[in-house]
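Chemist: Supplied in structure tokens, the structure appears directly below.
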Amino acid sequence: MSGTYRIDGDLFITNPLRKKWSRRNIGATPAGKPIPSQLWSLDFSFSEMRAGSGTASSYLMEKWLSDGLHTAVLPHPLTGDLALFSGVAIEQVNFTFTDKDQDKWAGNARMQLSHISLTNSWNFP
């Protein structure tokens, strides 16, 4: 277990290698200044991981397939401190199976979280 990030109270089985916060622009002011969305997205990328039941790759897939909105413990995009976010959507989970060891490894693993509102977050003391 990673001991850092959580979704619905469950620890990520493995920590991501990279995290990238982003917001899309929803328009522009009359002066041409971009207007960012109030909702954020967070992309995680992971190292190569085992595939199959009980593994990190199946954990990510199970969370994605569960649908609905989730609570998540993530690093805050402005401070980097861990915070609890509610109403988080799992936009996608994907990885590539390799031919190594009869497809028991998944590489290029990514998880994209979206619909993240900073107003629906609480910092840990």
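What follows is calculated from the coordinates using simple rules that are stated; it is not laboratory data. Computed from a predicted model, the values in this text were never measured in an experiment. For neighbour counting, all protein chains shown are included, and Cβ atoms are generated from backbone atoms with ideal geometry for every residue, glycine included.
Chemist: Give me 70, 76 ranked fewest to most by other Cβ atoms within 10 Å of their Cβ, as a rough exposure proxy.
Modeler: Exposure proxy ranking, most exposed first: 76, 70.
Chemist: Right, next: Nothing charged except the Cβ atoms of Lys and Arg (+1) and of Asp and Glu (-1): what's the magnitude of the dipole of the stretch 6-123 about its Cα centre? Round to the nearest 20 debye.
Modeler: 460 debye
Chemist: Quick one: 61, 111, fewest Cβ neighbours within 10 Å first, how do they rank?
Modeler: The fewest-first ordering by Cβ neighbours comes to 61, 111.
Chemist: Okay, next question. Would you mind computing, in nm to one decimal, how far apart the modelled labels at residue 104 and residue 58 are, each placed 7 Å from Cα along Cα→Cβ?
Modeler: The modelled label-to-label distance comes out at 1.3 nm.
Chemist: Sticking with this one: So what is the orientation-averaged projected area of the stretch 1-121, using the convex hull of its C-alpha atoms, in nm²?
Modeler: One quarter of the hull surface, i.e. the mean projection, equals 8.5 nm².
Chemist: Would you mind ranking 48, 62 by Cβ crowding within 10 Å, fewest neighbours first?
Modeler: The order, fewest Cβ neighbours first, is 62, 48.
Chemist: By how many nm would the segment from residue 20 to residue 92 lengthen if fully extended, with 0.36 nm per residue of separation less the alpha-carbon distance?
Modeler: My answer for the length gained is 24.5 nm.
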